[in-house]
Amino acid sequence: MTSSLEEAMPDDVMFMKLALQQTVIASGRNRPTETRNATRHAEMEAIDKLLERCQRSGLTRGEISLKLSQCTLYVTCEPCIMCAAALSIIGIKEVYYGCANDKFGGCGSIMFLHKYSSGKYTSDEGSKRKEFKCTGGIMALEAINLLRSFYEQGNPNAPKPHRKLMQPRD
């Protein structure tokens with residue numbers, strides 16, 4: 001995993017800027033709270049949109065698989081373990097991200113799901129998982145600031161607590 005802006009190509013910085021703005025051919029944003037579905041991370045949303053577009057175009061499964069193997073994903077934060085595993089299963093070519101995900105990162109912070117020591121392909125419960133190139137640290141400060149801004153604003157879509165807050169005992 002590469003992790004410095006100096007090693008990033010100008011196109012990578014340009015696409016990361018687009019990821020920060022939430023644009024490109026298929027984009028997504030984190031929506032677990034809004035949808036009340038814990039799997040609706042930005043990576044999953046973007047993949048679903050791309051798959052829908054491919055299916056509407058009448059592409060076969062093989063053609064879709066080939067298209068995914070040629071795709072590069074740009075995300076502001078390192079894919080979590082769930083997303084990194086999914087990206088491996090669909091056979092994405094490469095991933096570029098801004099900041100590390102120190103709690104749930106699947107591309108080097110916690111686990112290395114983009115790499116396999118047993119070879120390029122490995123079987124995991126019947127699915128073929130593939131290695132993908134992963135580069136982090138592109139515009140990391142901007143990505144961190146985006147996350148900070150989100151958390152400072154609070155989440156208006158968060159569910160209302162059902163329990164009363166407990167008061168500390170003296």
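Return the residues of segment 130-162 that are at pLDDT 90 or above, aliphatic (A, V, I, L, M) and open to solvent by less than 90 Å² (accessible area, probe 1.4 Å); say none if nothing qualifies.
Result: ILE138, MET139, ALA140, ALA143, ILE144.
Among the helices (runs of 4 or more DSSP H) confined wholly to segment 1-89, which include 1 or more residues that are modelled with pLDDT under 90 and in contact with a helix residue (DSSP H, G or I) (Cβ under 8 Å, 6 or more places away or on another chain)?
10-21, 42-56, 61-68
Restricting attention to segment 83-104, which residues are open to solvent by 40 Å² or more (accessible area, probe 1.4 Å), over 17 Å from LEU51 (Cβ atoms) and either of a type outside the set (D, E, K, R) or touching a residue at least 60 places away in the same chain (Cβ under 8 Å) (or both)?
ALA100, PHE104
The values are calculated or read from the model by the stated rules, or taken from the named source; none is laboratory data. What you are looking at is a predicted structure, and each value in this text was computed from that prediction instead of being measured. Positions of Cβ are generated from backbone atoms using ideal geometry, with glycine treated the same way; all protein chains shown enter the neighbour counts. Only protein heavy atoms, including side chains, enter the accessible area calculation; ligands, DNA and RNA are left aside. Shrake-Rupley method; radii C 1.70, N 1.55, O 1.52, S 1.80 Å.
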